Amino acid sequence: MGVNRCRETLVDEFLEHGYAIGREIFSSEYCDRLIAAANELAEKCGEGRLPLMQPHRQNSVFWDALSEPLLTSKISNLVAGEVDGLQSEFFFSPPGTHGFAKHQDNFFVEAPAGAFASAWIALTDIAQPNGGLVVWPGTNKEGLLPVRKIAQDSGPAQDPNANNEETIVPPKYHSKDITVAKGDVVFIDGWLVHASHINHSTANRHVLLCTYIRKGCPFRAGSHAKREAVPLS
């Protein structure tokens, strides 16, 4: 009974606000394994600490995270159906890294409403000072919102799409900062407007982003992300 109530609460919060937080989904030790594996991949690539696109295709520890049953079962509840994995991306976010501008993930993915969701996995404690998430609760109910071009340099350690444009948020919505602990997961609806702060701390802000789509639904692969729906079982 308690498990069902917890599941209903997560789904209710997600549908109402466009996001929900799952606490202690990953252990501290597993978070450290993901960080170590990302550092190894970065050394092999020789590209500094740029975000790693689709690391689950290169190292099984990231595949295990993408396909983690506790994670995927929650995602399936949130999108009301069995899901395929779509994308993974590891963010090092060294000190001084600019955050993402205001955006909706589904602006890039172009999936049907309610079929696409993301899991933003905190691999360290994260709050506003070290690059925490900012969300605009309720914007998930707006569908696709207009965007405007911006001229902001993403910097050498950020995703190239981070600051090309920003979503125009209707004035009735207000921002909210998200604070999460190492191992927590922020589940994000594809239409929720969100962004992130600059990392003003002296340490990296490590995050693994995993995205999912309801089986059989169309999506945009993307020239940079090269998304591909992969069965998780």
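The values are calculated or read from the model by the stated rules, or taken from the named source; none is laboratory data. Remember, predicted model here, so these are calculated numbers, not experimental data. We place every Cβ from the backbone using ideal geometry, glycine too, and count neighbours over all the protein chains shown. Accessible surface is based on the protein model in full, side chains and every heavy atom, while ligands, DNA and RNA are left aside. Shrake-Rupley method; radii C 1.70, N 1.55, O 1.52, S 1.80 Å.
With surrounded by fewer than 19 Cβ atoms within 10 Å (Cβ to Cβ), touching a helix residue (DSSP H, G or I) at 6+ places or on another chain (Cβ under 8 Å) and of a type in the set (Asp, Glu) as the only criterion, which of GLU40, GLU16, GLU82 stands out? Write out each step before concluding.
Numbers: GLU40 fails: touching a helix residue (DSSP H, G or I) at 6+ places or on another chain (Cβ under 8 Å); GLU16 fails: touching a helix residue (DSSP H, G or I) at 6+ places or on another chain (Cβ under 8 Å).
Answer to the check: GLU82.
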Quiz prompt | Looking only at region 221-233, and only at residues there that are closer than 20 Å to SER76 by Cα and of a type outside the set (Gly, Ala, Ser), the one that is most open to solvent (accessible area, probe 1.4 Å) | solution = GLU228
Quiz item: Given the residues GLY81, GLY18, which is the only one that is in contact with an Asp or Glu (Cβ under 9 Å, 6 or more places away or on another chain), small (Gly, Ala, Ser) and closer than 17 Å to ALA117 by Cβ?
Solution: GLY18
Self-check item: Of residues in region 85-114 being crowded, with 19+ Cβ neighbours inside 10 Å and among the acidic types (Asp, Glu), the one nearest to GLY18 (Cα to Cα)
Solution: ASP105
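Got a sec? Which helices (runs of 4 or more DSSP H) wholly within region 1-83 have at least 2 residues that are over 25 Å from PRO95 (Cα atoms)?
2-17, 60-66, 69-79
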Quiz prompt | Leading residue by the ranking (nearest to PRO95 (Cα to Cα)) among those in region 117-137 that are touching a Lys or Arg at 6+ places or on another chain (Cβ under 9 Å) and open to solvent by 10 Å² or more (accessible area, probe 1.4 Å) | solution = ASN130
Quiz item: If you go through region 162-193, how many residues are open to solvent by 10 Å² or more (accessible area, probe 1.4 Å), of a type outside the set (A, V, I, L, M, F, W, C) and closer than 21 Å to LYS74 by Cα?
Solution: 3
